[in-house]
1. Would you confirm, using the coordinates I've provided, whether LYS472 is among the basic types (Lys, Arg) and either closer than 26 Å to THR53 by Cβ or in contact (Cβ under 8 Å) with a residue 40 or more places away in the chain (or both)?
2. Based on what the data block shows, is GLU151 within 16 Å of ligand 2 (Cβ to nearest atom), part of a helix (DSSP H, G or I) and either touching a residue at least 12 places away in the same chain (Cβ under 8 Å) or closer than 30 Å to GLU469 by Cα (or both)?
3. Checking LEU141 against (1) within 16 Å of ligand 1 (Cβ to nearest atom); (2) farther than 20 Å from LEU21 by Cβ; (3) in a helix (DSSP H, G or I), which single condition isn't satisfied?
4. Residue pairs, Cβ under 6 Å, 6 or more apart or interchain, first in the range 333-351 and surrounded by fewer than 11 Cβ atoms within 10 Å (Cβ to Cβ), second outside any loop (DSSP other than H, G, I, E, B). List them.
5. Out of all the residues in the range 251-264, is one or more touching a residue at least 40 places away in the same chain (Cβ under 8 Å) and of a type in the set (Asp, Glu)?
6. Which of the residues belonging to the range 189-230 are assigned to a helix (DSSP H, G or I) and either more than 16 Å from ligand 2 (Cβ to nearest atom) or at pLDDT below 95 (or both)?
7. Where the second residue is crowded, with 18+ Cβ neighbours inside 10 Å and the first is free of Cβ contacts under 8 Å to residues at least 24 places away in the same chain and lies in the range 355-372, which pairs have Cβ atoms under 9 Å and are six or more apart or on separate chains?
8. Is it true that ILE198 is closer than 24 Å to LYS133 by Cα, away from ligand 1 (no atom under 13 Å from the Cβ) and β-branched (Val, Ile, Thr)?
Amino acid sequence: MNVDLNSKIPNNVGLADDRKLQKALEAWQPNFIEWWMDMGPDGFQTDEIFLRTAVSVEPSGWAHFEHVKMPDYRWGIFLTPAEQDRMIGFGDHIGDKAWDKVPGDWRTELRRIIVTQGDTEPASVEQQRQLGKSAPSLYDLRNLFQVNVEEGRHLWAMVYLLHKYFGRDGREEAEDLLVRRSGHVDNPRILGAFNEPISDWLSFYCFTMFTDRDGKYQLGALAESGFTPLASSCQFMLTEEAHHMFVGETGIRRIVQRTVELMKEAPDGDVSTAGGIPLELVQRYVNRWFSVSMDLFGGEDSSNAATYFAGGLKGRFREGSDKKITDHVALEGHYGAFAPGPDGTPVSKEIQLRRAMNLVLRDGYEVDCMRGVNTWNRILKKAGVDFEFTLPHYRFHRTQGLWTSCNYDPQGNPVDDATWEKRKDEWLPSEADEAYIASLMQPCYEPGKIAGWIAPPKHGINHQGFDFEYVKFDADDPYVRAR
Ligand code: BYC
Ligand code: FE
Ligand code: FE
């Protein structure tokens, strides 16, 4: 299917041939723009940002970069073309023809999955809306906005599915996606991590490292869906996710690099006197965002997960292509896990494989996170610094699943309330940490310059140098004039 870039809503789904759907989406579009202006990046909307836009769904379609104002970004609907004669690859309907329409039996479940996925996208934009005011460089400012517009596009992807396949209740859900608000007391976003504030750039890098990576795994599982339109949407979203995780992983790497440089200059090792971010403090932010992101996988033993798998709605990560996965029905097996015994001490527990699908996905996620953490450790090792980043134990600081009724230290040992209270500031960002990080958050908007707490990137965007003018400020921008 060709990409129609010139219509009001760019798409490769033949929108022009479905007048009713086109009209419904064109009616939703101004509400989206209104939401973007209210809840998207605060300021910067008249500045020219060096953004990447999809002009086709082939890999070469990604090479398109230009300076655009964010509200002029071409939010559109793109699906990775599905293979011919696609079949359901797992669960009770394995081997049946895949669905082009919503199967009646699974309508409620599919709608719920799509709404939950869709809700995270605008939520993250809301969480990040103040960060532009304290970007450490123009390069980072541009990356933030690239992530934001793409999360906006992911919302479009889910709204398209709701409008096209779920009739009136789909349209209502699409409206509600613009009404819930991250962190709102009465009308919050659906999942925990998406109601947490992201008020500084260390949190932003942790979020894109750990929370966007949940996106990679959830989208990977949904890309296996027997409902082909969902699978094709998620497959295309995954191509954008890679850049979001790159921003997070390299963002923290650049902080670590800068801290190592400053440690050499501050022989007593306290880099905060030189405006750097201590490694222990970075570790506490890692502990926070990793644990909050682990919660996004839901319960380890989950009847919802079993239902989704049985129905062929949500598979395992690379269910169809991972040669290590041989049993796609998963009715027989068990997954070895632990559950809290008396006093919260772990005892082993076998979970029926289908009911363990959240845990299977999460375990793959954890390995992927560790790979990224190891790249940070290599910098420390090379510099001869005696410190190693770790991921906290999966039992640490949990609010979903089996491990919520007792506190655990980052090594996974149960601790009593008094110990938790006494030591939590060693394990999670303290008020003092947050105040220190906030004090560093001063914008640096001159091309080629960068804030003192982070190293510049190795490469710029699209073969440009670091000193490229990634954001051209509009002279009428009130923020520019205020500076
Ligand atoms: N917070 O059976 P259980 C992304 C609820 S990120 C609050 O254990 P289930 C992105 C659950 O809803 C990817 N509530 O879990 C990243 C259920 O509620 P009910 C997002 C939670 O349902 C960065 C109850 O607890 N995509 O794209 O198997 C920037 C028991 O649930 C949480 C998806 O998540 C939580 N953390 O699994 C931008 C994919 N966890 O039934 C974007 C779609 C669980 O008691 N979602 N609950 O009312 C799903 O597949 C599943 O809903 C979940 C939960 C994996 C999230
Ligand atoms: Fe997304
Ligand atoms: Fe993302």
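1. So LYS472 fits the description; yes.
2. Yes: the conditions hold for GLU151.
3. (1)
4. Within 6 Å, the pairs are SER348/PHE338.
5. For the range 251-264, residues touching a residue at least 40 places away in the same chain (Cβ under 8 Å) and of a type in the set (Asp, Glu): present.
6. Residues satisfying the conditions are GLY192, ASN195, TRP201, LEU202, SER203, TYR205, CYS206, THR228, PRO229.
7. Qualifying pairs under 9 Å: ASP363/TYR335; ASP363/TYR394; MET370/LEU391.
8. No.
The values are calculated or read from the model by the stated rules, or taken from the named source; none is laboratory data. Please read these numbers as outputs of a predicted model, since none were measured by experiment. Neighbour counts run over all protein chains shown; Cβ positions are idealised from the backbone, glycine included.
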